[in-house]
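Report on one structure; see the data block that follows.
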Amino acid sequence: MDIIAFLGIAGTAIIGSFVGLVVLLWLVGFRIIRSDRVGIVEKWWSPRGSLKDQIIALKGEAGYQPDVLRGGIHFRTPLMYKVHTMPLVTIPQGKIGYVFARDGVPLEGGQTLGRMVPGNTFQGVRFFLENGGQRGPQRQILREGTYAFNLAMFVVVTESQVYYLHMGDTVEMQTIQSMAAHLASIGGFAPVIIKGADDKTGIVTVHDGPSLPSGDIIAPAVGDKAGDPNHHN
């Protein structure tokens, strides 16, 4: 065998091995997610069936999965999964963010904001849903920091942008964009600061919750005791 024939066979073998490796990596779903991003997993099909009214599949059904993939190497075969790579949510220093849940228990009549789930940070979708989290705008706000949210489940509204996984629902996004514009117009992304030296007080009007008894004009204190689930300081 002359050298040219040998090189031809060797080259073909190398190319074949490379193509085979690429196909193998594709089949096993090899992917690298950067440290500043998360992967949102959408399951194409499942022997457990698909969802009807929900968005998040808590029991392995087809649909968006509750857990996100953090930065690193992951394997999710494209024969069963699609991975949407999304940015981490960042709330700048001195700003706040608002959360809109796409799944959960429906709001009750007369309720405007979803009730707070004790111990919830919105980074645990399963915890939120299994502990009575409600669909819609949330009462709990986000303080400054960086968060790894499942943006199939939560839409996060900040001063600079709206974080979400687009699902093609035009009405939903019009509602979110309208809410973001309203918050910006009233300075809703900056916390209210009352300095002790200013000798001022703040009066809060709440637009959600039970109505006051007839004749009352001041609501009772809420969350002023450490044992209260709505405790604040």
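The values are calculated or read from the model by the stated rules, or taken from the named source; none is laboratory data. Note that the structure is predicted; figures quoted are calculated from it, not measured. Cβ atoms come from the backbone with ideal geometry, glycine included; neighbour counts cover every protein chain shown.
Would you say residue 158 is over 11 Å from the mean Cα position of the chain (by Cα) and either under 24 Å from residue 35 (Cβ atoms) or surrounded by 13 or more Cβ atoms within 10 Å (Cβ to Cβ) (or both)?
Details: over 11 Å from the mean Cα position of the chain (by Cα): yes; either under 24 Å from residue 35 (Cβ atoms) or surrounded by 13 or more Cβ atoms within 10 Å (Cβ to Cβ) (or both): yes.
It is true that residue 158 is over 11 Å from the mean Cα position of the chain (by Cα) and either under 24 Å from residue 35 (Cβ atoms) or surrounded by 13 or more Cβ atoms within 10 Å (Cβ to Cβ) (or both).
I need a count of the residues in the stretch 16-57 that are acidic (Asp, Glu) and at pLDDT 85 or above. Spell out how you get there, then give the answer.
Step one: filter the stretch 16-57 for residues acidic (Asp, Glu), giving 36, 42, 53.
If we keep only those that are at pLDDT 85 or above as well, we get 36, 42.
Counting residues in the stretch 16-57 that are acidic (Asp, Glu) and at pLDDT 85 or above gives 2.
Name every residue in the stretch 28-58 that is β-branched (Val, Ile, Thr), outside any loop (DSSP other than H, G, I, E, B) and under 27 Å from residue 89 (Cα atoms), in order of residue number.
Narrowing the stretch 28-58 to residues β-branched (Val, Ile, Thr): 28, 32-33, 38, 40-41, 55-56.
Filter once more, so that each one left must be outside any loop (DSSP other than H, G, I, E, B): 28, 32-33, 38, 40-41, 56.
If the condition is that a residue be β-branched (Val, Ile, Thr), outside any loop (DSSP other than H, G, I, E, B) and under 27 Å from residue 89 (Cα atoms), then 32, 33, 38, 40, 41, 56 are the ones that fit.
Give me the pairs, please: first residue somewhere in the stretch 203-223 and free of Cβ contacts under 8 Å to residues at least 24 places away in the same chain, second residue anywhere and assigned to a loop (DSSP other than H, G, I, E, B) and among the small types (Gly, Ala, Ser), beta-carbon distance under 7 Å, and either six or more positions apart or on two chains.
Pairs that qualify, where the first residue is free of Cβ contacts under 8 Å to residues at least 24 places away in the same chain and the partner is assigned to a loop (DSSP other than H, G, I, E, B) and among the small types (Gly, Ala, Ser), are 206/219; 212/219.
Regarding residue 100, is this residue at pLDDT 90 or above and part of a loop (DSSP other than H, G, I, E, B)? Don't jump to the end; show me each part of the working.
Values: at pLDDT 90 or above: yes; part of a loop (DSSP other than H, G, I, E, B): no.
When the stated conditions are applied, residue 100 does not pass them.
Does residue 140 qualify as being modelled with pLDDT of 90 or more, over 26 Å from residue 53 (Cβ atoms), of a type outside the set (Asp, Glu) and more than 13 Å from the chain's Cα centre (by Cα)?
Judged against the criteria, residue 140 is not a match.
For the stretch 49-70, state whether one or more residues are touching a residue at least 40 places away in the same chain (Cβ under 8 Å), within 24 Å of residue 174 (Cβ to Cβ) and of a type in the set (A, V, I, L, M).
First pass over the stretch 49-70, keeping only residues touching a residue at least 40 places away in the same chain (Cβ under 8 Å): 54-56, 58, 64, 66-68, 70.
If we keep only those that are within 24 Å of residue 174 (Cβ to Cβ) as well, we get 54-56, 64.
Subset that is of a type in the set (A, V, I, L, M): 55-56.
Checked against the condition, which is being touching a residue at least 40 places away in the same chain (Cβ under 8 Å), within 24 Å of residue 174 (Cβ to Cβ) and of a type in the set (A, V, I, L, M), the stretch 49-70 yields at least one hit.
Does residue 178 satisfy the criteria of being more than 14 Å from the chain's Cα centre (by Cα), among the hydroxyl-bearing types (Ser, Thr, Tyr), outside any strand (DSSP E or B) and closer than 24 Å to residue 38 by Cα?
no
Looking at the stretch 176-196, I want the residues that are closer than 11 Å to residue 95 by Cβ and have a partner that is part of a helix (DSSP H, G or I) with Cβ atoms under 9 Å, at least 6 apart or on another chain. Which pairs are those?
From residues that are closer than 11 Å to residue 95 by Cβ, the pairs are 188/182; 189/183.
Within the stretch 188-219, how many residues are surrounded by 10 or more Cβ atoms within 10 Å (Cβ to Cβ) and either at pLDDT 85 or above or assigned to a helix (DSSP H, G or I) (or both)?
Selection size over the stretch 188-219: 4.
Taking the conditions exactly as written (under 30 Å from residue 30 (Cβ atoms) and out of contact with any Gly (no Cβ under 9 Å at 6 or more places or on another chain)), does residue 94 satisfy them or not?
Numbers: under 30 Å from residue 30 (Cβ atoms): no; out of contact with any Gly (no Cβ under 9 Å at 6 or more places or on another chain): yes.
Judged against the criteria, residue 94 is not a match.
Restricting to the stretch 85-111, name every residue that is of a type in the set (Gly, Ala, Ser) and either in contact with a Cys (Cβ under 9 Å, 6 or more places away or on another chain) or buried (at least 18 other Cβ atoms within 10 Å of the Cβ) (or both).
Restricting attention to the stretch 85-111, the residues satisfying the condition of being of a type in the set (Gly, Ala, Ser) are 94, 97, 101, 104, 109-110.
Correct list: 97, 101, 104.
Inside the stretch 112-141, can you point out the residues that are buried (at least 21 other Cβ atoms within 10 Å of the Cβ) and among the aliphatic types (A, V, I, L, M)?
117, 125, 129
What's the number of the condition residue 84 fails, among (1) within 29 Å of residue 159 (Cα to Cα); (2) touching a Lys or Arg at 6+ places or on another chain (Cβ under 8 Å)?
Failed condition: (2).
Looking at (1) buried (at least 20 other Cβ atoms within 10 Å of the Cβ); (2) at pLDDT below 90, find the lone condition where residue 172 falls short.
The number of the failed condition is (1).
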